[in-house]
1. How many residues does region 153-211 hold that are charged (D, E, K, R) and farther than 24 Å from LEU41 by Cβ?
2. Of everything in region 298-309, what is surrounded by 14 or more Cβ atoms within 10 Å (Cβ to Cβ) and either part of a loop (DSSP other than H, G, I, E, B) or in contact (Cβ under 8 Å) with a residue 40 or more places away in the chain (or both)? Give them in sequence order.
3. Which residues, counting only those in region 143-186, are assigned to a loop (DSSP other than H, G, I, E, B) and touching a residue at least 40 places away in the same chain (Cβ under 8 Å)?
4. Quick one: ALA211 ticks every box in (1) assigned to a helix (DSSP H, G or I); (2) modelled with pLDDT under 90; (3) in contact with a helix residue (DSSP H, G or I) (Cβ under 9 Å, 6 or more places away or on another chain) bar one, so which box is it?
5. I'd like the full set of residues that are surrounded by 12 or more Cβ atoms within 10 Å (Cβ to Cβ) and modelled with pLDDT of 80 or more, limited to region 328-346.
6. Regarding SER147, is this residue modelled with pLDDT under 90 and either hydrophobic (A, V, I, L, M, F, W, C) or assigned by TED's automatic domain parsing to the domain that holds VAL95 (or both)?
7. Only one of (1) of a type outside the set (Phe, Trp, Tyr); (2) in contact (Cβ under 8 Å) with a residue 24 or more places away in the chain; (3) surrounded by 18 or more Cβ atoms within 10 Å (Cβ to Cβ) is not met by LEU12, so which one is it?
Amino acid sequence: MLELLKNTFGRLQIERDSDTEISLKDLLLTLSQQTGLPSELLDDRESLDLVTLKEYFFDRVKGQSEAVECLVDRIAMIKAGLSDPTRPLGVFLMVGPSGTGKTEIAKALATFLFGSEERMIRLDMSEFQDPSSLQKLLGGNDENDRSNSLSTQIRKQPFSVLLLDELEKASQNIWDLFLQVFDDGRLTDSQGYTVNCRHCLILLTSNLGAAKEFTPSVGFGGRSGPQFDPSALNKIVKKSFRPEFVNRLDRVIVFKPFTRDVMREILRKELRDVPQRRGLRSRQWAVEYAHSAIEFLLEKGFTPDLGARPLKRAIDRYLLSRLAHAIVNREVPEGDQFLLVRAKEAALGIHRSGRP
């Protein structure tokens, strides 16, 4: 508290160039700047619109209502002051097929909770398969190891989302290390210093069992088959991790495979973002997509078991590369234009629209 008062006083002296009384609003602003936490969470006098918050997450991550509801519930608990102060802000294991939004929702959470995606500390757990890799997390005798260790990163940025990617690939002693972190929010480094992890929200991801349990949903290309079974993934998680590890998780969140309708939503969102690319921002173009173009990209990019990544590759290959050729070869006139994108045989064509 004393440090907060000193920092607030110093900030006000710079901003106002005179001594002044410190108000609660001033303290909350300083705290928000230091932690990244929005004022809606810090100030009891402000309300938090949970409906708008859900819309924010649904806009970033399509088709994963369980994950959105879970994280909104946790944020509400943080706002209400009902989260356990002796543990991290939350510990959630996200399982399911690759490319279904696990990393994207972590970025969205870091942006809302702490103000930036840069507040996300991300570890690829496949780099910790060897038991000796423990020093990468705790820092060894080498100064470079200590500066890049997890303990140092959390000490520098205690208010953050910690994302542990593909947890199942890490060695057993790495899992054991995190038992203490999940249980009481402490991490002791190689030098014996204890790092406070209670201001972190921890997300773990795993593709464990996703390929085995995945089957295409009814309605894609006229084919049908058994539905994706979330309960089967929960059973695999319980078999793969020791009970004491699973017992320290707040919840296991299952990310489901995308249906064709959800992929269409994702496609439209990706297409809305295309004009924000550097090469298009300066051009006064309104780009329209015919139904045939939407369906063409879906056919090229919809792979139920691989999520959204093939769709993004299809946009690059069939749309953005075509736009790039049109720009470089000056096939599209300069100035204000309405461009129509439509499918033509095995490709997309870009034409001037007949609109004025």
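The values are calculated or read from the model by the stated rules, or taken from the named source; none is laboratory data. Since this is a predicted model, take the numbers as computed values, not measurements. Virtual Cβ from ideal backbone geometry, glycine too; neighbours counted across all protein chains shown.
1. Residues of region 153-211 that are charged (D, E, K, R), as a first pass: 155-156, 165-166, 168-169, 176, 183-184, 186, 189, 198.
From what's left, farther than 24 Å from LEU41 by Cβ: 165-166, 168-169, 176, 183, 189.
Qualifying residue count, region 153-211: 7.
2. We begin by selecting, within region 298-309, every residue surrounded by 14 or more Cβ atoms within 10 Å (Cβ to Cβ); these are 298, 300-308.
Listed by number, the residues that qualify are PHE302, PRO304, ASP305, LEU306, GLY307, ALA308.
3. From region 143-186, those assigned to a loop (DSSP other than H, G, I, E, B) are 149, 157-159, 166, 170-171, 185; that's our starting set.
Within region 143-186, SER149, PRO158, PHE159, GLU166, ALA170, SER171, GLY185 qualify.
4. Of the numbered conditions (1) assigned to a helix (DSSP H, G or I); (2) modelled with pLDDT under 90; (3) in contact with a helix residue (DSSP H, G or I) (Cβ under 9 Å, 6 or more places away or on another chain), the odd one out for ALA211 is (3).
5. LEU340, VAL341, ARG342, ALA343, LYS344
6. Numbers: modelled with pLDDT under 90: yes; either hydrophobic (A, V, I, L, M, F, W, C) or assigned by TED's automatic domain parsing to the domain that holds VAL95 (or both): yes.
Answer is yes for this residue.
7. If we test LEU12 against (1) of a type outside the set (Phe, Trp, Tyr); (2) in contact (Cβ under 8 Å) with a residue 24 or more places away in the chain; (3) surrounded by 18 or more Cβ atoms within 10 Å (Cβ to Cβ), just (2) comes out false.
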